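Here is the structure we will look at.
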Amino acid sequence: MPSDRASKEGNRTVVECHAVVKSFASVHVLRAVDLEVKESEVLCILGPSGAGKSTLLRCINHLEGIDGGWIKVTDQIIGYELRGGKLHELSERAVRRQRGLCGMVFQHFNLFPHFTALQNVMLGPVEILKEPRGEVEARSRLLLDRVGLASKVSAYPSQLSGGQQQRVAIARALAMNPRVLLFDEPTSALDPEVVGEVLRVMLELAEEGRTMIVVTHEVGFAREAADRVAFMFDGRITEIGLARAVLEKPSEARTAEFLSHVLV
Amino acid sequence: MRSHDGTGEQPGRSGSTSLTADSAPPFEPSSAGGRTSTYEIVRRKHPWRFAAAIAVLLLLALLAYGAANAHQLHWSVTGHYLFNRSVLTGVLRTLEITAAAMLLGLALGVIFGIMRSSHNPVLRGVAWLYVWAFRGTPIILQLFLWFNLALIFPRIDIPGIVRGTTVNLITPFLAALLGFGINEGAYMSEIIRGGLLSVPPGQTEAALSLGASHAWTTRRIVLPQAFRVILPAIGNDTLQMLKLTSLAAFISFNELFGTTESIYYANSEVIELLLVAGAWYLVASSVLSVVQYYVERKFGRGFQRGRQQALVERVVLRAMVRLRTRAV
């Protein structure tokens, strides 16, 4: 929160993007994106749709490969290996291991519909990380309790509201003990009355010092939870700075115009 | 806008804001009950429904009367052969070849279905070729091809696996299995491909972002969800296969149809024995339908549409309870 902000300056860097370029066919989605996120920092990325916000997140956990530049999470280059002055694409196995660094929360939750809430949370640690089942189950129950769903452990996703599903999805990401949480428009697919419950969970995570990158349209959340806010337009980060400063006195005309549309 | 609420009172109604109220007929409560009284609702009559039912039942009765009085038809022969030992063996053989062919078809279908969804153009091409060849030629032709394999390959030598003359190796059962199974695989691969396509890509992304391998994602996340879509089609194919296996009679595999056929060649009670076979096919397909219901329910976990599923279940349960009480 505001008082901690200054202290995060000196923290270790968790995510670092350098001149990241990405295009789909002839469309340039990311044009030289530079970004640095420190330990326990919360960064919100705002901007119009099609600006490349989601693509940037998907590149950070290598759901998409990149066409130039590099991305580091902790000290590892994501998806590639530097050998003889070139970045060689990593093996599937190595990419898999790196994905454990990032926890991803999707716009459409993407819970596994054929597993219960508890199974959704346990699946990764038990079957992918091969951790002991008993330990994982205890931890998963705690996590579901923390997101306020202790009574829904054996419910299937189809029996949960959108807000509840998204909270399970957050618990699922947390269960993997990631170094950074990536949120891809986590409230955009929700009914207005349940947006609050998801944002509340995210706010708690921010307060407890999780490193988070949040792509969102919720300016209110950004103001309350973010240390810094970045604006993306047309594949570039056009403005980045302390949340309050950027949201209240944007230096770019485009930022100001975007904010005036979003805030109404 | 205010609507009629049946109380007969419309307080504070202003003509300028309420269009329906203006055009609606005056509201008259039906006498006695006062402000809470309502009109009686009279259902529409359906005289033709009744007439059609009577006509169909009459025709059915005529048919039953005709069958009962067809003195050429020896019902006792049908009854006698229904539980005949070789007929029962035939039933068993039919079930065996159906199960074996469907299992082979399923295995091939999964392999070629995944190949058809592959990024590798060679795998995709080969899978396409397989479907094209086996879906594009008659099953009876394929059965004869496998049965007569010895004409092109007199000996089969696969070091460490099989070795011998083809005539001895390719039994009627094996020829039928290869014919039906490989043919089914071609259809099944298309069913599987459709099922895989029905699983949203977000499911794969969510699994991959947990650090899962592609193999694990396919096995634990995609296929179980695809199977929910695939199962009704597999059930359909199984029922079809059950009856299709009668073609194996032509390559001297003695399943149900072939067995009854050879009996009526001997005793000339053709229709009687065809009815025997028909009765068993009906029994088997009815049992399979029930099995399909339970398998679909198992793979439907997490997808229950609440009331709809409950209704089907309620009907089945009620029928089972009724059967049980009748037995007691």
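Every number here is computed from the coordinates shown, using simple stated rules; none is lab data. Fair warning: this is a prediction, and the values are worked out from it, not measured in the lab. For neighbour counting, all protein chains shown are included, and Cβ atoms are generated from backbone atoms with ideal geometry for every residue, glycine included.
How do A:33-46, A:131-144 rank on mean C-beta neighbours within 10 Å, highest first? Please list the in-between numbers first.
Working: A:33-46: 22.1, A:131-144: 16.1.
Packing proxy ranking, top to bottom: A:33-46, A:131-144.
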message = Can you work out the Karplus-derived ³J(HN,Hα) for every residue in the stretch B:209-217? Use 6.51 cos²θ - 1.76 cosθ + 1.60 with θ = phi - 60°, whole Hz, and x for glycine or proline.
response = 5, 7, x, 7, 7, 5, 5, 4, 4
remark   = Magnitude of the Cβ-charge dipole (Lys and Arg +1, Asp and Glu -1) of the protein assembly as shown about the Cα centre, nearest 20 debye, reported as 1200
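What's the ranking of B:71-78, A:158-165, A:183-190, B:42-49 by average number of surrounding C-beta atoms within 10 Å, highest first?
On the way: B:71-78: 12.2, A:158-165: 19.0, A:183-190: 21.6, B:42-49: 7.0.
Ranking, from highest mean packing down: A:183-190, A:158-165, B:71-78, B:42-49.
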ask   = Which is farthest toward the positive dipole end of the stretch B:188-270 among B:Leu231, B:Thr218, B:Thr260, measuring Cα position about the Cα centre, with Cβ charges +1 (Lys, Arg) and -1 (Asp, Glu)?
value = B:Thr218
request  = Express as a percent, rounded to the nearest 5, the fraction of DSSP beta bridges in the protein assembly as shown (both residues included) that run antiparallel.
outcome  = 65
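Just add up the charged neighbours of A:Val198: K/R +1, D/E -1, any other residue whose Cβ is under 12 Å from the Cβ of A:Val198.
Every neighbour counted, the sum reads -4.
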request  = Report, in whole Å, the centroid distance computed from the Cα atoms of the stretch A:14-72 and the stretch B:137-159.
outcome  = 58
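From other protein chains only, count the Cβ atoms within 10 Å of every residue's Cβ in A:101-114, then give the mean. Mind dumping the intermediate values first?
Numbers: counts 1, 2, 2, 5, 2, 4, 1, 4, 2, 10, 4, 9, 10, 12.
Neighbouring Cβ atoms belonging to other protein chains average 5 per residue here.
Dipole size in debye (nearest 20) for the stretch A:50-175 around its Cα centre, Lys and Arg Cβ +1, Asp and Glu Cβ -1?
About 140 debye.
Which entries of A:Lys72/A:Lys130; A:Lys8/A:Lys72; A:Lys130/B:Lys298; A:Lys53/A:Lys152; A:Lys38/A:Lys152; A:Lys152/B:Lys298 have Cα-Cα distances beyond 24 Å here?
Numbers: A:Lys72/A:Lys130 26 Å; A:Lys8/A:Lys72 18 Å; A:Lys130/B:Lys298 27 Å; A:Lys53/A:Lys152 32 Å; A:Lys38/A:Lys152 34 Å; A:Lys152/B:Lys298 21 Å.
Beyond 24 Å: A:Lys72/A:Lys130; A:Lys130/B:Lys298; A:Lys53/A:Lys152; A:Lys38/A:Lys152.
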request  = Rounded to the nearest Å, what's the spacing between the alpha carbon centres of the stretch B:43-106 and the stretch B:162-240? Just the number, please.
outcome  = 33
task = Using only atoms on other chains, find how many Cβ atoms lie within 10 Å of each Cβ of peptide A:61-74 and report the average.
result = 1
